[in-house]
Amino acid sequence: MQEWFTRTIIGLVLAALVIACNYHGPVLWSLLVLLVVLFSCQEFFALCQKMRIYPAQNLVYFCISLFVLLPLFFAKFYSANFVYVFALSLLLCAYVLVFLSIILRQGFSLNYRFVDLSSSLWAIFHLGLLPSFLTWIRLMDAGFEYILMILVAVALNDTGSMVFGKLFGKVKLAPVLSPGKTVIGSIGGLLIGSLSFVLLAQLFGIHINEAFWAPVFVNFEYLDYELISFVILMALAFLLAVVAQIGDLLVSALKRAAAVKDTGQILLSHGGVLDRIDSHIFVTWFAFFVFAYLLQ
């Protein structure tokens, strides 16, 4: 009971902080995202040390900061196509810098540790590129609402998975990666997360992009437009929930490799920062695509 109470209080405080930063605009929101991913990166490096892997830490921190903050300086150039080109270009530059850094550090030979290189690149991609989409999404016209939809849907996805799993779960979903997750829990989380996303979309007046889906509507001209819109929105929400759960399993695989239960203890009963944001981070790339092209 005490653990549940502590977990609830911490969760409410974190939620209030996140919503407040989101409300006050892209700059404060981006600074919060940067702070969170830097803490997550520190936890990732700690896991690497347990596995005797040594990434290029300082360079990774530098690249992550660029990924999260640079969108603020290029906001006036915003378009979905620009974001993808910008992110890819920055990612390639970061990869080259990390590669050269590790080669120079360990010598120009075939004996350099590939695991050091790959772990550095993983951190830049997972904790730099992916979170940068949170900044780009907040820069959209409906950025506040979009971010709120992601936060609520992913949080309820996780909560639904936990509740349904404890109440009805028997068959394990991925016993090697995450022994606590069950098939019923996963399905419950997907349903609750999807429904919350759709309900918030309706509340905020967010609909599917008719221009993008026009060819689809031509083929269903005798069906109810509102029904088709709801079905498409529900399908997108379900895919978002699936991607979020995949992100959770990816970090679970990392924890199993390091033989730890949580990535850290900074959030007490919630574990580490990376434990809390694993789903949120991984879903951002797909969420950006959905908001940029499929919804309006």
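The values are calculated or read from the model by the stated rules, or taken from the named source; none is laboratory data. Because the structure is a prediction, the values reported are computed rather than measured. Virtual Cβ from ideal backbone geometry, glycine too; neighbours counted across all protein chains shown. Only protein heavy atoms, including side chains, enter the accessible area calculation; ligands, DNA and RNA are left aside. Shrake-Rupley method; radii C 1.70, N 1.55, O 1.52, S 1.80 Å.
Things worth noting here:
- When residues in segment 257-276 are screened for being out of contact with any helix residue (DSSP H, G or I) (no Cβ under 6 Å at 6 or more places or on another chain) and either closer than 22 Å to A142 by Cα or modelled with pLDDT of 90 or more (or both), 0 of them pass.
- Contact map, segment 8-21: residues that are closer than 15 Å to G271 by Cβ and assigned to a helix (DSSP H, G or I) paired with residues that are modelled with pLDDT under 85 and open to solvent by 60 Å² or more (accessible area, probe 1.4 Å), Cβ distance under 9 Å, separation 6+ or inter-chain. Pairs shown: I10/L268.
- Failed item, numbered, when I281 is tested on (1) of a type in the set (V, I, T); (2) open to solvent by 50 Å² or more (accessible area, probe 1.4 Å); (3) touching a residue at least 40 places away in the same chain (Cβ under 8 Å); (4) part of a helix (DSSP H, G or I): (2)
- Residue among A259, A287 that alone is among the hydrophobic types (A, V, I, L, M, F, W, C) and crowded, with 22+ Cβ neighbours inside 10 Å: A287
- Selection of first residues in segment 52-66 that are assigned to a loop (DSSP other than H, G, I, E, B) and of second residues that are open to solvent by 60 Å² or more (accessible area, probe 1.4 Å), restricted to Cβ pairs under 6 Å at least 6 apart or on distinct chains, gives the following pairs, ordered by first then second residue: I53/V115.
- Residues (modelled with pLDDT of 90 or more and either of a type in the set (K, R) or open to solvent by less than 20 Å² (accessible area, probe 1.4 Å) (or both)) located in segment 198-233: V198, A201, I206, L233
- Sole residue being modelled with pLDDT of 90 or more and under 21 Å from the mean Cα position of the chain (by Cα), chosen from L66, L12: L66
- So L167, is it surrounded by fewer than 16 Cβ atoms within 10 Å (Cβ to Cβ), of a type outside the set (V, I, T) and more than 14 Å from L249 (Cα to Cα): yes
- Selection status of L195, open to solvent by 70 Å² or more (accessible area, probe 1.4 Å) and either at pLDDT 90 or above or within 29 Å of K166 (Cα to Cα) (or both): yes
- Scanning segment 64-77 for residues that are open to solvent by less than 70 Å² (accessible area, probe 1.4 Å) and over 22 Å from R276 (Cα atoms) yields a count of 6.
- Output for segment 151-185, where each listed residue is in contact with a Phe, Trp or Tyr (Cβ under 8 Å, 6 or more places away or on another chain) and touching a residue at least 24 places away in the same chain (Cβ under 8 Å): V152, A153, G185
- Any hit, segment 128-136, residues being open to solvent by 50 Å² or more (accessible area, probe 1.4 Å) and either over 30 Å from R52 (Cβ atoms) or outside any helix (DSSP H, G or I) (or both): no
- So L35, is it at pLDDT 95 or above, under 17 Å from the mean Cα position of the chain (by Cα) and loosely packed, with under 14 Cβ neighbours inside 10 Å: yes
- Test: residue in segment 141-156 that is at pLDDT 95 or above, part of a helix (DSSP H, G or I) and of a type in the set (S, T, Y): yes
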